[in-house]
1. Taking the options Asp125, Asp87, name whichever one is open to solvent by less than 10 Å² (accessible area, probe 1.4 Å) and either among the hydrophobic types (A, V, I, L, M, F, W, C) or under 23 Å from Gln146 (Cβ atoms) (or both).
2. Which residue pairs have Cβ atoms closer than 7 Å, lie 6 or more positions apart in sequence or on different chains, and pair a first residue in region 175-189 that is within 21 Å of Tyr141 (Cβ to Cβ) and in a helix (DSSP H, G or I) with a second residue that is of a type in the set (S, T, N, Q) and modelled with pLDDT of 95 or more?
3. Is there any pair with a first residue in region 150-162 that is in contact (Cβ under 8 Å) with a residue 12 or more places away in the chain and a second that is among the acidic types (Asp, Glu) whose Cβ atoms are under 8 Å apart and which are 6 or more apart or on different chains, and what are they?
4. Could you say which residue among Ile191, Ile174 is under 18 Å from Gln9 (Cβ atoms), β-branched (Val, Ile, Thr) and open to solvent by less than 80 Å² (accessible area, probe 1.4 Å)?
5. Restricting to region 19-36, and then to whatever is assigned to a loop (DSSP other than H, G, I, E, B) and touching a helix residue (DSSP H, G or I) at 6+ places or on another chain (Cβ under 7 Å), can you tell me which residue is most open to solvent (accessible area, probe 1.4 Å)?
6. Could you tell me which numbered condition Gly106 fails, if it satisfies all but one of (1) closer than 26 Å to Ile159 by Cα; (2) touching a residue at least 12 places away in the same chain (Cβ under 8 Å); (3) open to solvent by 10 Å² or more (accessible area, probe 1.4 Å)?
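The values are calculated or read from the model by the stated rules, or taken from the named source; none is laboratory data. Here the structure is a predicted model, which is why all the values come from computation and not from measurement. Because the Cβ atoms are built from the backbone with ideal geometry, glycine has one as well, and the counts that use them run over all protein chains shown. For the accessible areas, the whole protein counts, side chains as well, though only heavy atoms, and no ligand, DNA or RNA atoms are used. Shrake-Rupley method; radii C 1.70, N 1.55, O 1.52, S 1.80 Å.
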Amino acid sequence: MVSFRWFGQACFEIKDSVTIVTDPHDGDSVGLTHPDVKGDIVTISHGHFDHASGKDIVSKEDSVVVEGSGKREVKGIKVEGFDSYHDKAQGSKRGENTIFVFELDGFEICHLGDLGHKLSNEKIDRIKPVDILLIPVGGNYTINAQEAVDVVKELKPQIIIPMHYKVKGLEVDISDEDDFIRLVKDENWEISEEEEAKIEKLPEQRKVIKLTCQAT
């Protein structure tokens, strides 16, 4: 079983026998509380404050911080990073972004970070297969709701967990999740709202899990 908890923006706790924390913010700088979690592995998609300022908060003495592209095995977990951009101008506006794919309990889990553009066919083929997709949907600094749906159609996950959208208290100028949820409903995705997602097997029907933010 793999469990997921969300702490706002792109920060998740992904846990089985090893705990991965993705893109930790420090809470204060974004108007939220700090992530109350420690990671064996901490991944950082890029160095912006709302994705990296909480690195020390979520790290233990033996935590391994993973940044950048390439294949590696960390604490028994296969992790691969893929280069991408934070904008539609090949990084000239907001810089580069790393997409991470983790293999946990037989699931291929893809965290898109602050992806700012649609993916090339070559990049899609390299990233796939994807079982569980963590995808930004709030726009402005990342892909927006419609662009997120387009990426979903290309990567073909069975489970989507949306991220990087407006929640209570968040002091970042992005949209909420409503447009994305409406669009995926139109595509016949099942929608559920959960405090914590606990996934033992992939569902037969494609599913969107909207997690409660644990940092509000």
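1. Details: Asp125 fails: open to solvent by less than 10 Å² (accessible area, probe 1.4 Å).
Matching residue, one of Asp125, Asp87: Asp87.
2. Within 7 Å, the pairs are Leu183/Gln146.
3. Cβ pairs passing all conditions: Pro157/Asp131; Gln158/Asp131; Ile159/Asp131; Pro162/Glu177.
4. Working: Ile191 fails: under 18 Å from Gln9 (Cβ atoms).
Only one candidate passes the filter, namely Ile174.
5. Initially, region 19-36 is screened for residues assigned to a loop (DSSP other than H, G, I, E, B), giving 23-27, 31-36.
From the residues that got through so far, the ones that are touching a helix residue (DSSP H, G or I) at 6+ places or on another chain (Cβ under 7 Å) too are 23-26, 34-35.
On the way: Asp23: 1, Pro24: 0, His25: 0, Asp26: 42, His34: 97, Pro35: 1 Å².
The selected residue is His34.
6. Every listed condition holds for Gly106 apart from (2).
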